[in-house]
1. Out of the residues in the stretch 94-129 that are among the basic types (Lys, Arg) and farther than 23 Å from Pro77 by Cβ, state the one that is nearest to the chain's Cα centre (by Cα).
2. Of all residues in the stretch 29-77, which are among the small types (Gly, Ala, Ser) and away from the ligand (no atom under 15 Å from the Cβ)?
3. Residue under question is Ser291, and the condition is that it be away from the ligand (no atom under 12 Å from the Cβ), in a loop (DSSP other than H, G, I, E, B), touching a helix residue (DSSP H, G or I) at 6+ places or on another chain (Cβ under 6 Å) and among the small types (Gly, Ala, Ser); does it hold?
4. Considering every residue within the stretch 195-210, establish whether at least one is buried (at least 17 other Cβ atoms within 10 Å of the Cβ), of a type in the set (A, V, I, L, M) and part of a loop (DSSP other than H, G, I, E, B).
5. How many residues are within 26 Å of the chain's Cα centre (by Cα) and loosely packed, with under 15 Cβ neighbours inside 10 Å if we restrict to the stretch 211-224?
6. Out of (1) surrounded by fewer than 24 Cβ atoms within 10 Å (Cβ to Cβ); (2) touching a strand residue (DSSP E or B) at 6+ places or on another chain (Cβ under 9 Å); (3) touching a residue at least 24 places away in the same chain (Cβ under 8 Å), the odd one out for Ala113 is which?
7. Which residue pairs have Cβ atoms closer than 7 Å, lie 6 or more positions apart in sequence or on different chains, and pair a first residue in the stretch 118-141 that is within 17 Å of His156 (Cβ to Cβ) with a second residue that is among the polar types (S, T, N, Q) and more than 8 Å from the ligand (Cβ to nearest atom)?
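The values are calculated or read from the model by the stated rules, or taken from the named source; none is laboratory data. Everything numeric in this text was worked out from a predicted model, so none of it was measured. Cβ placement follows ideal geometry from the backbone for every residue including glycine, while neighbour counts extend to all protein chains displayed.
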Amino acid sequence: MAQYSCVSGSVGLITLKNPPVNALSAAVRHGIVDTVKRALSEPKVKSVVICGQNGIFCGGADIREFASDMSGPPLVPMIHAIEAANKPVVAAIEGSALGGGLELALGCHYRIAHSKAKLGLPEVTLGLLPAAGGTQRLPRLIGVPAALNLITTGRHVTAAEALQLGVVDQVTDQNTVDAAVKFALSVAGQSLDARRISTYPCPRPSDLDALFDGVMQKVRQSARGAIAPVACVQAVRAAATLPYTQGMEREKELMATLFTSGQARALQYCFFAQRAVGRWSMPSGARWDTSKPRPVHKAAVIGLGTMGRGIAVALAQTGLSVVAVETQEKQLMEAKQAVSGMLERGAKRRGVAPALDGISYSGNIQAVADADLVIEAVFEDMTLKEKIFQQLSAVCKPGTFLCTNTSALDVDHLASQTRNPELVVGMHFFAPAHVMKLLEVVYGTRSSPQAVATAMQLGKKMGKVSVAVGNCRGFVGNRMLKPYLEQAFFLLEEGATPELVDRALEEFGFAMGVFRVSDLSGLDVGWKVRKGDGLAEPEMATGQSARIRQGRRYSPLGDLLCEQGRYGQKTGQGWYQYDKPGGRVARSDPWLHSFLEEYRARHGLVARRIDQQEVLERCLYVLINEGFHILEDGIAAGPEDIDVIYVFGYGWPRHRGGPMFYASMVGLAKVLERLEHYHQAHPDVPYMQPCNLLRRLVASGSPPIQRWREVIKKLHSQL
Ligand SMILES: CC/C=C/CC(=O)SCCNC(=O)CCNC(=O)[C@H](O)C(C)(C)COP(=O)(O)OP(=O)(O)OC[C@H]1O[C@@H](n2cnc3c(N)ncnc32)[C@H](O)[C@@H]1OP(=O)(O)O
């Protein structure tokens, strides 16, 4: 709703009230229409201020309403009525003015922002465009290039940048509503002819075609199949080339195609999923709202390889005091230099002072004695980690949380090496740890709710999207990755090439296909794991055991490349070739193609034609099937957890909503049917056998993803 009062004798004050972000729900829109009418009709009111309650102007349209029939007054005429008013209307912007909230402010004649406010048109991130006149007013106000930048990226700008761009007229450090009322009093009675943005001519850059072609090309490249950024460019082009009214028509037309698209549904699902994972729960019943985190003032990192350095940087950037420990002297010196460089570059980018003094370095594990929380980030070797956890348990002060940055190893086993297993959790960061947003917080069977709450809160402080997951081999992300990678190998055996598989995945929307990623991260990483699992021994690569191991189909292709020293980018050769070790540009490698042909001939395999559809179905459906197993096993609390992990940690295209959402869009019955089909064709691949939970969901009529938890709960209660 919107509340109306008259202040300072002649200013009509309209306050948007819809906690927590004053989203423009039908009730709020009704409230604005009514209160604006009232303010304009009351003779004593000479000017109007619009603000939001609780220090936030407006978070935009109410996204939850998009799934309904959207009744209530539409935004466009409401904003037009404000712009057409014959009394000055001033927007008092505190907190956020986003999406429809900023469009509302652009309909006002003046905008005053608090210095801490953030403004933006983030509709593109929800698969939409600013269709309440945003694409037509913003370029008229700040010019086409700046408007294109804000609208196609959806980025939020600070009040200072908004002032510089001309989005706002004034920035204040004081009470924004008071400043706006004072301003409204000062402009009462003045002409508004020059204040109605829709009447401004849109500045036309001389190189208009080149500008739009360039932006369109950039957007298409980075959008990887997302349709909203393209529509945003088309809408701004309409502002630059058509009169306002026709531009508005074009904006409406473009929005109509976006609004009902699967991509918009996927992106809006991601928006809520990202927030839902913060409300974590554990099978024991412990929950986010009943588990109190303990404050962390001092944190420590053990092991300063690539991961440890990134974690130390991310911790220091939160303002914590950090102890970084590396027992090898040469490595310690190199790490010190590297970490300082990373902190300096990060600080320069953010325009702040580098937190160099926040980190102290030591070669002795005793240095972590008074830390509140320690993150072990040494090499992925259980014996080494066991030893470190035993030492930490002896060295640390009582109550110190002990975290492991393992990507797959058993958190319970590490906890068993300590005196207080309840203080142990996994904190699985993704490389580079100071950049990647995802953090899997892994609870073991004995982890206390407080340990989980503390790790989750620390993750949030570090700017991570943290997801609490249970303990199993590979947790959620890497566990699902295994069958996906395996399918990619099998496809090569059957006739595909790395180029074909990667093209299918990249056209689906992944930034990089599976083989290009494998070359980037190093083939030796998986090889080491397979050796540890007793799968990849050189003598196994020939004869009967070559393609059947531990009773199931196995492809030794990755092992064979490693045996040749082809580890990917770092050696200049992997699934592709590079111009030099460390080279980044992947080129097709004739050697690899001959190698695949020889391999197939050696094993009596006849190459067949494989199309992109088969690549997608096999790689993605086995990954999704494993996701259902993870839900069935209670390792992830809901499909949102899995989807957030894949979108933020594994390059799953956000406009596809994550693997579980994607399965719901494809149709669970279809996913089940294709898995059954492929499992029949490949009975020696257990990952293809459809999961019981998937069968259950199909049998119960394939409910929408928001209702899967009910089916899972029922399934668990019957076990
Ligand atoms: C007709 C079509 C017109 C479309 C034009 C539009 O306006 S589309 C919407 C554009 N607006 C946005 O994209 C803003 C989305 N919100 C945010 O970015 C942030 O919420 C915030 C406003 C910057 C506040 O961030 P903060 O970290 O303080 O809070 P949360 O993000 O956790 O949000 C708190 C709860 O509020 C819910 N919520 C936020 N925005 C909206 C919204 N526009 N509509 C509905 N609900 C919204 C959010 O989901 C949180 O609730 P949960 O229950 O935790 O999910």
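1. Lys118
2. Answer for the stretch 29-77, where residues must be among the small types (Gly, Ala, Ser) and away from the ligand (no atom under 15 Å from the Cβ): Gly31, Ala39, Ser41, Ser47.
3. Criteria met by Ser291.
4. no
5. So the count comes out to 5.
6. It fails just one condition, (1).
7. Sorted first by the residue in the stretch 118-141, then by its partner, the pairs are Lys118/Thr158; Val124/Thr152; Leu126/Gln268; Leu129/Thr135.
To keep it simple, each residue is scored yes or no on (1) part of a loop (DSSP other than H, G, I, E, B); (2) among the polar types (S, T, N, Q); (3) more than 24 Å from Glu494 (Cβ to Cβ); (4) touching a Gly at 6+ places or on another chain (Cβ under 9 Å).
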residue: Ile635; (1), (2), (3), (4): yes, no, yes, yes
residue: Asp641; (1), (2), (3), (4): no, no, yes, no
residue: Phe648; (1), (2), (3), (4): no, no, yes, no
residue: Met665; (1), (2), (3), (4): no, no, yes, yes
residue: Glu676; (1), (2), (3), (4): no, no, no, no
residue: His679; (1), (2), (3), (4): no, no, no, no
